[in-house]
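Below is one structure, written out as structure tokens; comments come after it.
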Amino acid sequence: MGAVRLPVTAAQAKALRFVARPAKYGHGEETLLDRRVRDTWEVPRSRVRIDQRRWNRTLLPMLDAIRTDLGLPDGSRLRAELHSMLVYEPGQFFASHQDSEKHDTMIATLVVLLPSRSTGGDLVIEHRSESVRYSGSATSLVFVAFYADTRHEALPVQSGYRVALTYNLLLTAGASDGVLHGTLR
């Protein structure tokens, strides 16, 4: 479909739907499709390419900040592994859940909300009976990271389209380069 320009327009989001599939979710050892729990479109990692050199100028400093915010030791590094691109259209959502740890070294999830003109679709993170809401932006990337065992949900989009990149955050020793693994095609 070509390059995705930011902010993501409604026309681009509609085009992304044609390379997407209904998103499934993990429940124990099973992978399920149930639109009463998760109703969104997913562009699989294999269909996404990102200009790593350009993206790493933004992502790598964010990973350092996220490492600090998560309270991880100074000698550790986070590596972001692209999981998928999600496209939410009006009415779509993902009910409250916890992410499954997809790798032995996965400790957290990173959601990057791409700028678009939309309402609703807030990402709600719950921790110790408190919740924080993250709205998207019409002009800026929004980065939200949380430990994999943290409950969270995507509220229904009210208007427009919400597009997000999701990453598994892997904890590595200090010798790692922390380079992004994944691309947007």
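The values are calculated or read from the model by the stated rules, or taken from the named source; none is laboratory data. Not measured: the values here are computed from a predicted model. With ideal geometry, Cβ positions are generated from the backbone for all residues, glycine too; neighbour counts draw on all protein chains shown. Side chains are part of the model used for accessible areas, which takes the heavy atoms of the whole protein and leaves out ligands, DNA and RNA. Shrake-Rupley method; radii C 1.70, N 1.55, O 1.52, S 1.80 Å.
Among V37, V111, V87, determine the one that fluctuates most according to a GNM of the chain built with springs between C-alpha atoms less than 10 Å apart.
Greatest mean-square fluctuation among the candidates belongs to V37.
State the antiparallel share, in %, of DSSP beta bridges confined to the chain, rounding to the nearest 5. Walk me through the numbers before you get to the answer.
Working: 49 of 51 bridges.
Antiparallel bridges make up about 95 percent of those DSSP assigns within the chain.
Using a Gaussian network model on the chain with a 10 Å cutoff between Cα atoms, which of S129, S76, S116 fluctuates the most?
The residue with the greatest mean-square fluctuation here is S129.
Please check which bits of the stretch 12-39 a label hung off S100 would reach, taking the label as a point 7 Å along Cα-to-C-beta and the cut-off as backbone N under 18 Å.
Counting backbone N atoms under 18 Å from the label point, the list is 22-39.
Just check the stretch 13-68 against the gyration tensor rule for me: Cα atoms, a ≥ b ≥ c as the square roots of the eigenvalues, rounded for a/c under 1.5, and otherwise prolate or oblate depending on whether a/b exceeds b/c.
Details: a/c = 2.88, a/b = 1.55, b/c = 1.86.
Note, shape of the stretch 13-68 comes out oblate.
Over the Cα atoms of the stretch 104-167, what radius of gyration and what Dmax do you get, in Å?
12.1, 38
GluC sites (Glu not before Pro), restricted to the stretch 12-53: which are DSSP loop and have at most 12 other Cβ atoms within 10 Å?
Numbers: sites: E29, E30, E42; in loops: E29.
When the GluC sites (Glu not before Pro) of the stretch 12-53 are filtered for loop state and at most 12 Cβ neighbours within 10 Å, E29 remain.
How large is the accessible surface per residue of the chain, computed with a 1.4 Å probe and reported in Å² as a whole number? Spell out each step's value before the answer.
Numbers: 9810 Å² over 185 residues.
Per residue, the chain has an accessible area of 53 Å².
Kirkwood Rh over Cα pairs of the stretch 52-158 into Stokes-Einstein at 10 °C, 1.306 mPa s: D in µm²/s?
On the way: Rh = 15.0 Å.
Once the numbers are plugged in, D ends up at 106 µm²/s.
Under 10 Å, Cα contacts only: if you run a Gaussian network model on the chain, which one of A164, A65, A13 comes out with the highest mean-square fluctuation?
A65
Express the carbon and sulfur contribution to the solvent-accessible surface of the chain as a percent, rounded to the nearest whole number, probe 1.4 angstrom.
Roughly 49 percent, rounded to a whole number.
For the chain, what are the per-bin percents of Cα-Cα distances with bins 5 Å wide, up to the bin holding the maximum?
It works out to 1, 8, 16, 22, 21, 17, 10, 4, 1, in whole percents.
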